[in-house]
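To start, the structure itself, in structure tokens.
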Amino acid sequence: MEFKRLYMWVFYRLLEAIFFLFLALLEILPPKIFRLVSMPALTLLIAIVVPRRRIIKNLRRAFGEIYSAAMKKGLAKGVQEHFVRNLVDCFVQLNQSDHIRDIATIQGMENLLAALAKGRGVIALGAHIGNFVLAGSRLGVEGYSFHTLFRIPSDPRIGTIICNYLPPRLHQRVIPSRPKRVAVRQILSALKRNEIVFILGDNLKKGKVQTLFFGQRVPSPRGPVSLALRSGAAVVPLYLIRNYQGGMELIIEPEIALHRNGRLSEDITQNTHHIVGYLEKLIRRYPDQWNWLTVRMRSYHAEAAGTGQR
């Protein structure tokens, strides 16, 4: 336990040093030179934080033999490369307020406007796909009040950077996910003001609803659905992906209609299944832009066989 605590302290201090070093470099280097200087260091960091072996393991569970071993290695490499490029854009955004407007277009703005017209706020359903950090920045720079639910690390210095330093430069506010009751209160308050709350729905490691994801059983959080049913907010899928030309596109899809049968627990379960199914389809479209580390997949078939079910 002591070793793990020491390891995490060293890791957080490394992240902190990289963060402030890169900000200092941005003050003296043109963006193109900064990219050349920063990418090798960020490539090494991502190799540690987003290990290729774990990505390939999840790809194997998700796709089985549909993809060859070479294809899975290529996808895993693509995931890491996209992550590095996205991090570079995040750093440039911290130094140049309008950077996100210059690099990203918006598709489907009419879907967001239609949802906001209902006056009950919008739960922007996202995933760890593309540049999820700057998704809110693209709308925030246009003047929309945007909040992101974020799990803040326990390290207080990193927490201070995330909560106090980043929001004004990224044109969005942060709602810490812990403590849970405070987070729920802040989310409902923002929705009541008809604002946008961005929730990443693909944290499929802990949750009270068992769903199937790529044929594997995963524990899914019921938070996005529960909050939407409780507040009446519209659930609008939103994600910022990199296109084949190297540019960024903020895609805003039509509102997801939620089923309401009058029995809250059943409504939460049914709609959570629906949302996880949607996320699977989204990830199938962009498998090299999702990090594959926010899910803990357990084989449904292996589980059934272990309990004697057929």
If Arg35 satisfies every condition in (1) surrounded by fewer than 16 Cβ atoms within 10 Å (Cβ to Cβ); (2) in contact (Cβ under 8 Å) with a residue 24 or more places away in the chain; (3) out of contact with any His (no Cβ under 9 Å at 6 or more places or on another chain) but one, which is the exception? (1)
Selection count, segment 24-68, where residues are within 21 Å of the chain's Cα centre (by Cα) and either under 25 Å from Tyr12 (Cβ atoms) or among the aliphatic types (A, V, I, L, M) (or both): 16
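Say we look at segment 165-211 and pick out the residues that are small (Gly, Ala, Ser) and out of contact with any Leu (no Cβ under 7 Å at 6 or more places or on another chain); which of these is nearest to Arg138 (Cα to Cα)?
Of the residues in segment 165-211, the ones small (Gly, Ala, Ser) are 177, 183, 189-190, 201, 207.
Remaining after also requiring out of contact with any Leu (no Cβ under 7 Å at 6 or more places or on another chain): 189-190, 207.
Working: Ser189: 22, Ala190: 19, Gly207: 30 Å.
Result: Ala190.
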Could you check, for segment 173-188, whether at least one of its residues is crowded, with 18+ Cβ neighbours inside 10 Å and touching a Cys at 6+ places or on another chain (Cβ under 7 Å)? yes
Of the numbered conditions (1) under 22 Å from the mean Cα position of the chain (by Cα); (2) on the phi < 0 side of the Ramachandran plot, Gly108 satisfies every one except a single condition; which is it? (2)
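Given Ala234, Ala228, Ala304, Ala257, which one is surrounded by fewer than 16 Cβ atoms within 10 Å (Cβ to Cβ), modelled with pLDDT of 95 or more and not β-branched (Val, Ile, Thr)?
On the way: Ala234 fails: surrounded by fewer than 16 Cβ atoms within 10 Å (Cβ to Cβ); Ala228 fails: surrounded by fewer than 16 Cβ atoms within 10 Å (Cβ to Cβ); Ala304 fails: modelled with pLDDT of 95 or more.
Of the residues listed, the single one that is surrounded by fewer than 16 Cβ atoms within 10 Å (Cβ to Cβ), modelled with pLDDT of 95 or more and not β-branched (Val, Ile, Thr) is Ala257.
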Leu191 vs (1) of a type in the set (A, V, I, L, M); (2) surrounded by fewer than 24 Cβ atoms within 10 Å (Cβ to Cβ); (3) within 19 Å of the chain's Cα centre (by Cα): all pass except (3)
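The values are calculated or read from the model by the stated rules, or taken from the named source; none is laboratory data. Treat the numbers as computed from the prediction; the structure is a model and nothing was measured. Reconstructed Cβ throughout: ideal geometry from the backbone, glycine too, with neighbour counts over all protein chains shown.
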